[in-house]
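As structure tokens, the structure follows; a few thoughts come after it.
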Amino acid sequence: MLNWIKFITTFLLALTIAITIIVLYNANKPFADVEQAAIDSVLKTGQLKDVKRADAYQGSSTWVTVRGVDGDGVEKAVFVGREPEKTYQEVKLAEGITAKTAIQTVQKELDVKKVLHAALGMEEVGPVWEVAFTSKDGKLNYVYVLFESGQWWKRILNL
């Protein structure tokens, strides 16, 4: 009887783990597909020679930010718009502030407990760093810092 209990427990645990992995994989697949399509597109057009990172960014419109190095060795971020009219905009990473600087700008002025992420994205004002963090009271906050100047653009606080 004890062996049956061990078997059923082990089976249910393995089944739970397998279902969790399948659900997480299927939930991430659309993002991974869009990011891979953007990487392929940027490499095909020759805007970047080597890709280091790609992130989906959802602001006023959807963009995929692909970061890497072009043929001249310059680090760039290429923003790839959605289909059917793939639009491309690019910035040299040396011409703006870094993610670390954007985070430090936010930490100087706001009550930051934990930084969740800093993502480079494209908005109507141009490239921005989206800094997401939780405050010391546990509330979610989003702050948008302009890439070129490091100035505040928009704040969404205490969600």
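The values are calculated or read from the model by the stated rules, or taken from the named source; none is laboratory data. Worth saying up front: this structure is predicted, and the values here are computed from it rather than measured. Cβ sites come from the backbone with ideal geometry, for glycine too, and all protein chains shown count toward neighbours. When the accessible area is computed, the model is the full protein with side chains, heavy atoms only, and any ligands, DNA or RNA have been set aside. Shrake-Rupley method; radii C 1.70, N 1.55, O 1.52, S 1.80 Å.
Figures for the structure shown
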| item | result |
| --- | --- |
| Karplus (6.51, -1.76, 1.60) ³J(HN,Hα), θ = phi - 60°, over region 110-120, in Hz, Gly and Pro reported as x | 10, 7, 9, 8, 9, 7, 8, 6, 10, 10, 8 |
| Accessible solvent surface per residue of the chain, calculated while the other protein chains remain in place, 1.4 angstrom probe, Å² | 63 |
| Helix axis angle, 99-109 relative to the chain longest principal axis, alpha carbon, degrees | 90 |
| Candidate aspartates and glutamates - alpha carbon under 20 Å from residue 52, same-chain residues fewer than 8 apart omitted | 33, 35, 40, 70, 72, 75, 90, 95, 130 |
| The chain, relative contact order [Cα under 8 Å, separation at least 6], % | 13 |
| Nonlocal amide H pairs with residue 90, under 5 Å, H built at 1.01 Å | 79 |
| Loop-resident sites, region 89-149, for GluC sites (Glu not before Pro), counting at most 16 other Cβ within 10 Å (DSSP) | 124, 148 |
| Within the accessible area of the chain (1.4 Å probe), percent carbon and sulfur | 58 |
| Stokes-Einstein D in µm²/s, Kirkwood radius over Cα pairs - region 12-144 at 25 °C with 0.890 mPa s viscosity | 148 |
| Residue-averaged [θ]222 nm for the chain, counting only DSSP H segments that reach four residues, each worth -39500 (n - 2.57) | -12500 deg cm²/dmol |
| Folded to 0 to 90 degrees: helix 2-45 orientation relative to the chain principal axis, Cα | 20 |
| 152, 63, reordered so the largest accessible area comes first (probe 1.4 Å) | 152, 63 |
